[in-house]
1. Specify the residue that is farthest from ILE477 (Cα to Cα); the eligible residues are those in the stretch 358-403 that are among the charged types (D, E, K, R) and part of a strand (DSSP E or B).
2. Of the numbered conditions (1) part of a strand (DSSP E or B); (2) at pLDDT 95 or above, ASN406 fails exactly one; give the number of that condition.
3. Taking into account only those residues within the stretch 312-337 that are over 17 Å from the mean Cα position of the chain (by Cα) and closer than 22 Å to CYS34 by Cα, which is surrounded by the most Cβ atoms within 10 Å (Cβ to Cβ)?
4. From the residues in the stretch 239-266 that are more than 16 Å from the chain's Cα centre (by Cα) and under 17 Å from THR217 (Cβ atoms), which one is surrounded by the most Cβ atoms within 10 Å (Cβ to Cβ)?
5. From the list PRO410, PRO425, pick out the single residue that is surrounded by fewer than 21 Cβ atoms within 10 Å (Cβ to Cβ), under 24 Å from SER339 (Cα atoms) and not hydrophobic (A, V, I, L, M, F, W, C).
6. Specify the residue that is nearest to ASN164 (Cα to Cα); the eligible residues are those in the stretch 131-144 that are surrounded by fewer than 21 Cβ atoms within 10 Å (Cβ to Cβ) and of a type in the set (A, V, I, L, M, F, W, C).
7. What are the pairs with Cβ atoms under 7 angstrom where one residue, in the stretch 101-124, is at positive phi and at pLDDT 95 or above and the other, located anywhere, is of a type outside the set (S, T, N, Q) and surrounded by fewer than 24 Cβ atoms within 10 Å (Cβ to Cβ)? Sequence gap at least six, or different chains.
8. Of all residues in the stretch 412-446, count the ones that are farther than 23 Å from GLU476 by Cβ, assigned to a loop (DSSP other than H, G, I, E, B) and touching a strand residue (DSSP E or B) at 6+ places or on another chain (Cβ under 8 Å).
Amino acid sequence: MDLHEQRIAEANIYLNQYRDKISQSQYRQNYHFCTPVGWLNDPNGFIQYRGEYHLFYQFHPYKPYWGAMYWGHAKSKDLIHWEHLPVALAPSEAYDDHEKGGCFSGTAIEKDGRLYIFYTGTILQGEKVIQTQCLAISEDGVKFTKYAGNPIIEADYPGVTPENFRDPKVWEHNGRYHMIVGTSISGRGNALYYTSDNLVDWELSGPFVDYQGNYGTMWECPDFFRIGEKAVLLFSPMGLGETTTLYLIGTIDDATGKFRIESEEVIDYGFDFYAPQSILDHQGRRIMMAWQNGWDWMPWWKDFGPTSEMDQWCGAMSLSREVTLKGSQLSFRPIQEISQYMKNQYLFQEIFVWKEERLLTAEMSESFMLELDRTDLQGTLTLTIRNEQGVADQIVCSRTRVEYFNVNNPFGKTGKSMVAADNEPLLLYSDSCSLEIFGVESGKMFSVNNFMKKGKRIITVTSDSPNTIIRLNLSEIRN
């Protein structure tokens, strides 16, 4: 057994020893993917392989805090219920074995029945961070062997330094393989573009995007895909204020590999949505998932919440979204599979509200979907979702805006908003410690970790103007 196999075996023993206990913890999510133990951040290698969805993720098994990065692994038939698989990657080699480094984020692609995963090996040499792009291959999609010729790519472009060179995204197009790697070129965020005929030998073309303006100082976790006649580039920019995820729509010149920007937009208007990855599944859908948390350099960051200290785990993924193109903007909606888990529907119609708080239910579980019809809304309408300890979310709706606030929550973040289409219906998805809001017509979304303990939810509504809610639908979600 080599060092890589040994460290994977040790991590799997630890995982199997503690995951059942952690699964019963008081903040544990019910229908969002959570780390089985320890720490989770970015989704990695998201792919559909041999008829099942596979999710890899940044993983530190031994503590509920960021540490030497492994790749955790799970699979699913429907993107809701996940089966944990053995750890896929562990730090073990001269190019990726360091307690402050490891196997950083990357992507996966299938070739001739094999699964190829590309990742960033990260080490420290003295005080200097060295990041290189590496490859591991699997015959069965479970056990991975690191390529003997790693690293396959090193930082070699003017203005690019090896501490800002990470997160490879690989795809196939017109019989060739293409890769972009997030980087900083002389202090401006970008990605370097490479091509290959065999997934091993890569040729550098140069920066992926020529642009004016400000898109941050470093692009993390870039993702690229085609949708309709357009090309789309997603990334998480560092150094761009409150913007944590961004998409650019444009065109790509297949001869030069240059991406030309036509429009841009924030992906998620909330606090907790980072490093999204997407796939094209067997149904032809573009599906996207992200880490539902953030980093300490973000303006609103307080901490990673109470789960580390109380429950000995930290990290969950967003609900998967389907991505479509509407005009010059992307539109996001929850995947249809979530409807299979909805039970005990409560339908409210023609509800008159004004000034006094009106109780809808005091018996809803922590995991539910709420659909709100905002037809002819006047003034502002406030939905309050409160747990038995008095911690609450407040969603304040006007005709064109949705604002989020928390009440009595020491772990809460508050005071961000999303512009919505005029009076469009809203979908809210609540879980043990997260809330996601979707505009049905605009396709915009808002994600936040609210860290409210498991238990009954008390849902009320009030308004500062006379309003009649045409329809409000509540459904429990059980996985």
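1. Going residue by residue through the stretch 358-403, those that are among the charged types (D, E, K, R) are 358, 363, 366, 371, 373-374, 376, 386, 388, 393, 399, 401, 403.
This time we only want the ones that are part of a strand (DSSP E or B), so: 358, 363, 371, 386, 393, 401, 403.
Details: ARG358: 23, GLU363: 14, GLU371: 13, ARG386: 17, ASP393: 18, ARG401: 26, GLU403: 24 Å.
Selected residue: ARG401.
2. (2) is the only condition that ASN406 fails.
3. Applying the filter and picking the extreme gives TRP313.
4. From the stretch 239-266, those more than 16 Å from the chain's Cα centre (by Cα) are 239-242, 248-265; that's our starting set.
From what's left, under 17 Å from THR217 (Cβ atoms): 239-242, 248, 264.
Numbers: GLY239: 15, LEU240: 16, GLY241: 10, GLU242: 11, LEU248: 20, GLU264: 17.
Among them, the one singled out is LEU248.
5. PRO425
6. Per the criteria, the residue is ILE137.
7. GLY102/ALA68; GLY102/PRO91
8. Of the residues in that region, 10 qualify.
The values are calculated or read from the model by the stated rules, or taken from the named source; none is laboratory data. These numbers come from a predicted model, not from an experiment. Reconstructed Cβ throughout: ideal geometry from the backbone, glycine too, with neighbour counts over all protein chains shown.
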